[in-house]
Structure formats: C-alpha cells, structure tokens
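In what follows, a single structure is set out as structure tokens and then discussed.
Throughout, read-outs are computed from the coordinates displayed, never taken from laboratory work. Here the structure is a predicted model, which means the values were calculated and not measured. All Cβ positions, even for glycine, are placed from backbone atoms using ideal geometry, and neighbour counts span all protein chains on display.
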C-alpha cells in the first residue's frame, strides 16, 4: 500500500514541540515539575461530595430509551439550572452532547458547508483549528485588543466578513484572557449578524466563574439572531471526565424551529450522551454551587497572591473571569526561550503566549487552579528567574 493516503483534513504536524520534549526529558530523569498549566480540577485537591458517584448505581441506568436531543428530564434539569429570567424558551431549545467539542461539530454540520468560514477570537484556546479543520470549515481570527481591559475590535471583525462567512464564535469569558462579552459588544455583534445573515455561537463554559459583577452579558435568550450557547459539566461541575455538555438555542422563532429540527436529526445520528450521566444530572447540578465556590475561592486567592508578587518589569493583564492569568514579561527573550528556561532551570511549566495566538511577545499564561503551596512555589521561581535576568541585562 505504498500509495495509500489519509484524508487531507488530518494532515497536522505530529512532532512534539520543544517545550513538551524538555518536560519529557526532565521527567525521565526523575525531576518533579511544578505544573502551572493544569486545567483539570480533579487533579487540584478540590472536595467532591461523597455521594456524587452513588447516583450512577441507579437501576434506571439499565433501561435504554433514547431521545435524540437528550432525555427530557435531563434537559429540564439543564433548563432549570439557568436563572429563568435568562432563558426565555423551553427544553426544546436544548440539545445534550458528550462534550462541547461535539457540540461544535454538531453546529458546524448544521451551519457551515465545506470550505465556508467562521470567525474565531485571537488570542484564544488553540483547539479551534483542529475542531474546524476536521469539519472542513475555514476560519479567520478577529482580534481581541488590550488597553487596560480586553475588548473585541468590532471594526476589524466586520472587515473579515465575506460571502463565505457563516458564523461568529465567541468564548465568553475568553480562555485565556478571562474577558467577557460586554453589553454594547453584543448589540454591535447582533447588528453585524443581521447585516450579513450570520449566526452567533457563544462558548460559555467558564461563565459561572466571574471575578466580579461587570458590564458583561450571557448570550442566553438572545433572539435577534440565531444564537447557540454552549455549556457543560467539565467546567460547571469541575468534572471533565463525566462527558456531558449542552447547546442552548435562541433566535427568531421560524428560524429557531428549523434549526431545532435539523439539530435533532444530527443528534439522533450519534446518540452519544450516555444514560447514567443524563440520569445523574438532577443530583449533580445541585452540587454545582458548592464545587464552584471552592474553585472560585482558589482562583481568586491565587490571582491576588500573584498580583502581590509583580515587579516593575512584569504585568498581570486584567481578569474578569475564568481559571487563567496572562502575564506580560520582559521581551529580552522569546516566549519559547523563557518557557524552556523556566522548565529546564526551575522545573516550572507555563504556557507561552504564542500557544494562544497572542499577536506579540512576551506573554506567559498560568493556570490559577493549582493548590496554594504549589502555585506560590512555582510563581516564586519564575519571579526569581525574571529578576536575575533583568539584573544581568542591566
């Protein structure tokens, strides 16, 4: 089979990057790495209720009676989780999926023909490239700009719209910048979508993790244009392994009904959400406030401590919500050089800004989830390294 070829959509570079190679080498040598990139709450010492798993033993889980969009009772629980003033519709507006990644795939199948385009934010989480390419969807990046606060460059965004553009993806709050969609931004986005016949997709998995009450808004119930809001257990409950997410739809009624019918067929093709998790939702979502309170306490404490360690040569960019912090560090080295030095010399792992498509250097991104002692030790090593290099430069 010398002439065998795989589909072009999977022609990604599979080489391990320099940062991961450095980590693998150190671990092979027995080094202990302080991981400030951790995004899995189950690895960060949070307390989960003792009865969380007991609901999975229900005899109801032996009965298989699938509903394409998710078991009715499960969708009711999701609907009721959101404050009623925010949600104008009904459980018919909800489709359960195994993950937000699957939710994106459903929406790409619903909205985008092969070769058509969506707009995605930059900086942002790098998963978009893979999610869109495996669905044969092109994309362009619209900029988030920083002037003491993050905001969308609305004019630049609209300039990217062409005849092949079908949707705008928002991450609300953004990962890793922690910036929410402002009320005035939503008005402008709706105007753009009406002018160009576009759809809004708002990834709101981190929405519950706001640092304060600001002038920002969820897209739940946005009915001016066809709108899809994504959420899921990975962040809402801090349980990424339980594999359940959801799409909440809104928009002009005739268009919304057509979208729901089409999504139902897509969902019926996969039937991917397992019955035990759906049956557990009623119990689990009731536990969400207690779990979220722990996570918020941790990320706020770590963020406050981080701010107290800043030097004149270092800046923490404004955070409105989420689990991450962005640090501007001296550009006397490239981000990759800095991150490799942090790993090799200090055994601390952080993200370089270019992983998230920051437009210039030098930025690093750190998770605010690690336990206090680990986080403080890791940040202290980074600050000491930066101080040392600044002195050498002077």
What do you get for the angle between helix 100-111 and the principal long axis of the chain? Use alpha-carbon atoms, 0 to 90 degrees, nearest ten. 50 degrees
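With an 8 Å Cα cut-off and a minimum separation of 6 or more residues, compute the relative contact order for the chain in percent. Present the calculation step by step, with values, prior to reporting the outcome.
On the way: 670 pairs, mean separation 91.8, N = 394.
Averaging sequence separation for qualifying contacts and normalising by length gives 23 percent for the chain.
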Nearest 10 degrees, 0 to 90: what angle lies between the long axis of helix 275-308 and the longest principal axis of the chain (Cα atoms)? 30 degrees
Find how many whole Å separate the alpha carbon centroid of region 237-290 from the alpha carbon centroid of region 103-118. 18 Å
Helix-derived mean residue ellipticity, 222 nm - over the chain, DSSP H n ≥ 4, -39500 (n - 2.57), to 500: -12000 deg cm²/dmol
Return a whole-number percent for the relative contact order of region 96-197, with Cα pairs under 8 Å and 6 or more residues apart as the contact set. 28 percent
Say we join alpha carbon atoms closer than 10 Å with springs in a Gaussian network model of the chain; which of 355, 47, 207 then has the biggest fluctuation? 47
Can you list the equivalent-ellipsoid semi-axes of region 54-286, largest first and in whole Å, using the square root of 5 times each Cα gyration tensor eigenvalue? 29, 20, 16
Could you give the angle, 0 to 90 degrees to the nearest 10, between helix 253-270's Cα long axis and the longest principal axis of the Cα atoms of the chain? 80 degrees
With the cut-off at 1.5 for a/c, could you classify region 260-331 from its C-alpha gyration tensor as rounded, prolate or oblate? oblate
Taking the C-alpha atoms of region 1-112, how large are the radius of gyration and the largest Cα-Cα span, Dmax, in Å? 21.9, 61
Under a Gaussian network model of the chain whose springs join Cα atoms within less than 10 Å, the largest fluctuation of 43, 194, 163 belongs to 163
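So what is the relative contact order for region 219-269, in percent, with contacts set as C-alpha pairs under 8 Å and at least six apart?
Working: 62 pairs, mean separation 18.3, N = 51.
Reported as a whole number, the value is 36 percent.
Taking the highest mean first, how do the peptides 245-256, 320-331 order by number of other beta carbon atoms within 10 angstrom per residue? All intermediate terms of the calculation are to be shown ahead of the outcome.
Numbers: 245-256: 19.5, 320-331: 21.7.
In descending order of packing, they fall as 320-331, 245-256.
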Could you tell me the calculated FRET efficiency between residue 61 and residue 81, based on Cβ-Cβ distance and R0 = 25 angstrom, to the nearest 0.05? 0.75
Taking the highest mean first, how do the peptides 142-154, 368-380, 174-186 order by number of other beta carbon atoms within 10 angstrom per residue? 174-186, 368-380, 142-154
Cα-based Rg and Dmax for region 308-365, where Dmax is the largest Cα-Cα distance (Å): 11.3, 32
Among (1) 21.9, 71; (2) 24.3, 77; (3) 30.4, 99, which is the computed Rg and Dmax of the Cα atoms in Å? (1)
